[in-house]
1. Please report the carbon-and-sulfur percent of the accessible area for the stretch 63-117; probe 1.4 Å, protein heavy atoms only, DNA, RNA and ligands left out.
2. Quick check: convex hull of the Cα atoms in the stretch 78-166, volume per residue, rounded to a whole Å³?
3. For Leu151 and Asp164 in one chain, what is 0.36 nm times their gap in residues minus the Cα-Cα distance, to one decimal in nm?
4. What spacing in nm lies between the two simple spin-label points modelled at Glu47 and Ile92, each 7 Å away from Cα in the Cβ direction?
5. Sorting Ile48, Ile92 by accessible area (1.4 Å probe), largest first, what list results?
6. Quick one: length gained pulling Ile178 to Thr61 fully straight, 0.36 nm per residue minus the C-alpha distance?
7. Positive end of the dipole of the stretch 57-170, charges at C-beta (+1 Lys, Arg; -1 Asp, Glu), about the Cα centre: which of Leu63, Gly113, Gly163 has its Cα farthest in that direction?
8. Please list, in order, the residues from the stretch 57-98 whose amide nitrogen is less than 19 Å from a point placed 7 Å along the Cα→Cβ vector of Asp138.
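The values are calculated or read from the model by the stated rules, or taken from the named source; none is laboratory data. Please read all numbers here as calculations on a predicted model, not as lab measurements. A quick note on method: Cβ atoms are made from the backbone with ideal geometry, for glycine too, and the neighbour counts reach across all protein chains shown. Accessible surface is based on the protein model in full, side chains and every heavy atom, while ligands, DNA and RNA are left aside. Shrake-Rupley method; radii C 1.70, N 1.55, O 1.52, S 1.80 Å.
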Amino acid sequence: MQISRTMSQCGLPGTFLFLFCLSFFSLSAAVLEVSSRRLLTGTPSDEIIKQYLISHNLERTKLGLPPLTWSKKLANFASWWAHQRQGDCALIHSNSNYGENLFWGSGKDWRPGDAVAAWAAEKSYYNHNTNTCSKNKDCLHYTQMVWRQSLKIGCARVTCRSGDTFIACNYDPHGNVIGEKPF
């Protein structure tokens, strides 16, 4: 009621100003709602997704493997798990039925390509003939990246409470099946 009386007293310019302000605040609320929803789900931008995909698929292309495709379902899972680790930044696996690579970096400036490069660097520790890693070396992040049957990927990055970076990538179907070669 108060709004009607004020509008009629202000005339046409007041009505226009009121409608403009009303539409502005409605638009602002909609943007805020979309932004907060995006923050809650942790949906990465197309540019971030490309950073994960290009660096992974570069390694796969070298071996003649099909490219990985982005999965929102896997990205949501990776985001959920990364947020579980945000308090301690510990490299603890989720024990899901997905393949999973985890990365920790000191500080907050680590990017998707840094994590993938660290995993890809394990290539030098993998012996395809014996299907083993070098003694006292890890190569299972690399073999998961290039697992032929893994076709989908979803990843997430969080800054931990310590200020460090935690990145999780999940793969479907999972790789590193005992007794099988990745490619």
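1. Working: 1580 of 2970 Å².
Summing carbon and sulfur atoms, their accessible area is 53 percent of the total for the stretch 63-117.
2. Working: hull volume 9.6 nm³, N = 89.
It is 108 Å³ per residue.
3. Working: separation 13, 0.36 × 13 = 4.68 nm, distance 2.95 nm.
Result for the pair: 1.7 nm of gain on full extension.
4. Result for the modelled spin labels: 3.4 nm.
5. Details: Ile48 55, Ile92 80 Å².
Output order, biggest surface exposure first: Ile92, Ile48.
6. Values: separation 117, 0.36 × 117 = 42.12 nm, distance 2.37 nm.
Length gained, Ile178 through Thr61: 39.7 nm.
7. The residue sitting most towards the positive pole is Leu63.
8. The answer is 78-79, 81-98, whose backbone nitrogens lie closer than 19 Å to the label point.
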